[in-house]
Amino acid sequence: MTAHLLIGPVLRRVVGDKATIWVETTEPAQVRVEATGGGAGSAQTFCAYGHHYAIVIVEGLPRGAATEYEMWLDDRKVWPQPDSPYPPSVIATRPADDAGHPVSMIFGSCREATPHATGRKLPPDALDAYARRMMADPQDPDLRPDLIVLLGDQVYADKTSTKVRRFLRRRRAAGHHGPKDQVVTFDEYTKLYLESWRDPEVRWLLATVPSVMIFDDHEIIDDWNTSAPWRADMSAQAWWADRIAGGLASYWVYQHLGNLSPDELAADPLLAKITSVPDATDLLHDFGLSVDSPMSAENTDRPYQWSFALDIGRTRLVMLDNRCNRVLIPGAREMLPAAEWRWFVDQAHGDYDHLVVGSSLPWLMPPAIHHVEAWNEKAADASATGLAEKIRRAFDLEHWAAFRRSFDALTELFRRIGEGGEGAPRHRVGAGGAYAAPATISVLSGDVHHSYVARADLGPAVRTPVHQLTCSPIHNQVPAPLKPLMRLSWSRAGARTMRALARSAGVARPPLTWKRLAGPYFGNAVSTLRHSAGHAEVLVEGTTKDGNLFPVAKVPLTD
């Protein structure tokens with residue numbers, strides 16, 4: 001049968017003169033990509049769960065150019081589509097010597113797929129709006145970012161659209177177990193990606209700008225891995241094994257695979273196994289189950305590393321898994337297991353100007369919420385099945401503040417990096433090999449359904465400005481009654497009250513202070529982080545009713 005392009009092309013990594021492009025097809029096919037200015041690559045699709053995928057490494061691209069490209073399945077050209085109203089997609093590479101060239105990345109999280117995804121009419125999608133603006137001239141570097149950073153909830157397994165719920169009702173009536181309005185199996189997950197990534201403007205944007213992604217809870221289920229009792233309760237559900245296997249296997253195929261560089265793809269043992277067999281269903285199912293192994297007091301190593309790092313010019317981005325590999329031992333909770341934390345510290349050391357940490361969950365929350373989460377962790381440790389555990393789940397108290405050991409460790413790491421000195425990252429190392437602090441440290445986050453910029457005060461010895469940059473949602477909305485509470489959580493009165501609660505439980509004061517520079521903004525938004533030599537700024541843009549972007553806040557990140 002003739003193969004057709006189902007999802008994609010999705011441009012993922014661009015490294016030097018190479019790029020990776022991901023696709024899903026309707027049938028097995030040889031996928032070939034050719035850039036009009038030079039550069040080509042091909043790959044055979046692999047099969048899993050009756051679906052067909054390929055990730056193509058395109059080599060020999062011209063440096064410092066934005067080159068249009070075409071895609072074939074076997075001998076049929078399928079991209080650009082002949083009737084497309086949109087400009088041709090491009091692959092933009094950076095110059096061979098790009099150390100002095102600016103870097104820009106857009107970021108955000110929490111994107112429901114359709115205007116009426118769950119029966120609610122949502123404000124316009126910020127990625128749609130960004131794509132429409134960029135379509136004016138995809139060759140214009142001022143309109144085209146170097147990277148899209150998606151920080152979680154790219155799909156909602158537990159909050160499905162009307163269309164997906166109709167599909168699920170038919171499945172449940174046919175005997176497939178699971179909640180009636182939530183996806184469980186790999187095949188059910190594929191419907192989420194089909195709905196989300198076939199959006200015409202977003203499809204064009206993902207075909208034209210490189211992207212990296214990390215999951216948050218809704219890719220699996222709300223509150224994923226919030227606590228050890230939560231894991232025990234979920235594991236008792238008859239459908240949970242299928243959910244975690246399907247969710248993690250589909251995440252690996254649709255999202256994580258594209259996070260890997262061309263060299264990492266070539267060395268990846270799982271990809272090598274999957275592409276060597278006629279049907280990788282069993283391999284992926286077993287993989288999905290195996291990488292959900294809980295951390296224990298005896299074993300805090302990671303079963304699989306979802307975190308990754310990359311450099312663009314003089315900017316280093318380290319994306320962290322805040323969900324799958326958490327250590328949930330009461331009294332010793334950690335966002336990252338020991339081995340992954342050591343990896344993160346290694347990545348934070350190197351030769352760069354700007355350090356960017358991608359964390360689906362904010363490090364710096366509204367102060368009142370921070371103190372509530374710190375109190376809740378202490379109270380929940382005292383009684384794992386008591387009221388504090390119920391409050392933790394009901395109010396999503398699971399950010400860095402609720403993993404105090406990790407919060408303090410991350411704060412100390414930023415302090416040490418920002419002070420410079422021996423052992424710190426080398427910023428523009430001189431002939432004498434002197435060590436210095438980087439120009440900026442930024443934490444990119446989403447999750448909380450409002451956008452804000454906050455600056456950390458780590459003490460007078462810290463020369464590097466350290467900021468929390470939170471952008472959420474891309475396409476969702478916070479319930480109206482919660483907005484006043486979120487505003488109150490930023491107030492001094494709210495912070496003092498909740499700090500008193502935390503102090504009553506014996507929680508030490510945080511090892512830093514922070515202040516809000518912009519926000520909170522509650523509409524759909526996308527943010528742009530720009531780096532140029534030793535300077536940085538962030539622009540938060542919201543969507544208008546007619547689907548355009550308008551500036552919400554523009555904040556310099558360097559003094």
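Evaluated against (1) more than 30 Å from V448 (Cβ to Cβ); (2) in contact with a strand residue (DSSP E or B) (Cβ under 8 Å, 6 or more places away or on another chain); (3) of a type in the set (S, T, N, Q), N259 falls short on exactly one condition, (1). Count of segment 521-559 residues, restricted to those that are in a strand (DSSP E or B), within 26 Å of L482 (Cα to Cα), open to solvent by 30 Å² or more (accessible area, probe 1.4 Å) and touching a residue at least 12 places away in the same chain (Cβ under 8 Å), is 5.
Table: residues versus (1) part of a strand (DSSP E or B); (2) small (G, A, S); (3) buried (at least 19 other Cβ atoms within 10 Å of the Cβ).
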{"site": "I7", "(1), (2), (3)": "yes, no, yes"}
{"site": "V10", "(1), (2), (3)": "yes, no, yes"}
{"site": "V14", "(1), (2), (3)": "yes, no, yes"}
{"site": "A19", "(1), (2), (3)": "yes, yes, yes"}
{"site": "W22", "(1), (2), (3)": "yes, no, yes"}
{"site": "P28", "(1), (2), (3)": "no, no, no"}
{"site": "G37", "(1), (2), (3)": "no, yes, no"}
{"site": "A43", "(1), (2), (3)": "yes, yes, yes"}
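Screening R496 with (1) touching a residue at least 12 places away in the same chain (Cβ under 8 Å); (2) surrounded by fewer than 20 Cβ atoms within 10 Å (Cβ to Cβ); (3) in a helix (DSSP H, G or I); (4) charged (D, E, K, R) gives one miss only, at (1).
Listed here are the helices (runs of 4 or more DSSP H) enclosed by segment 215-314 that have at least 3 residues being open to solvent by less than 20 Å² (accessible area, probe 1.4 Å), small (G, A, S) and touching a helix residue (DSSP H, G or I) at 6+ places or on another chain (Cβ under 9 Å): 240-251. For segment 368-391, which residues satisfy the criterion of being of a type in the set (S, T, N, Q) and either in a helix (DSSP H, G or I) or touching a Phe, Trp or Tyr at 6+ places or on another chain (Cβ under 8 Å) (or both)? The answer is N376, and nothing else.
All told, V345 meets the bar of being of a type in the set (V, I, T), surrounded by fewer than 22 Cβ atoms within 10 Å (Cβ to Cβ) and not in a loop (DSSP other than H, G, I, E, B).
Would you check if there is a residue in segment 213-226 being within 30 Å of M135 (Cα to Cα), among the β-branched types (V, I, T) and touching a strand residue (DSSP E or B) at 6+ places or on another chain (Cβ under 6 Å)? Give the derivation first.
Kept after step one, since they are within 30 Å of M135 (Cα to Cα), are these residues of segment 213-226: 213-216, 219.
Among the residues that remain, those that are also among the β-branched types (V, I, T) are: 214.
Still in the running and touching a strand residue (DSSP E or B) at 6+ places or on another chain (Cβ under 6 Å): 214.
Yes, segment 213-226 contains a residue that is within 30 Å of M135 (Cα to Cα), among the β-branched types (V, I, T) and touching a strand residue (DSSP E or B) at 6+ places or on another chain (Cβ under 6 Å).
Within segment 450-469, does at least one residue satisfy the condition of being in contact with a Phe, Trp or Tyr (Cβ under 9 Å, 6 or more places away or on another chain), more than 22 Å from V356 (Cβ to Cβ) and open to solvent by 10 Å² or more (accessible area, probe 1.4 Å)? Scanning segment 450-469 turns up no residue that is in contact with a Phe, Trp or Tyr (Cβ under 9 Å, 6 or more places away or on another chain), more than 22 Å from V356 (Cβ to Cβ) and open to solvent by 10 Å² or more (accessible area, probe 1.4 Å).
The values are calculated or read from the model by the stated rules, or taken from the named source; none is laboratory data. In this text, all values refer to a predicted model and were calculated from it rather than measured experimentally. All Cβ positions, glycine included, derive from the backbone under ideal geometry; neighbour counts span all protein chains shown. Note: areas computed on protein heavy atoms with side chains; ligands, DNA, RNA excluded. Shrake-Rupley method; radii C 1.70, N 1.55, O 1.52, S 1.80 Å.
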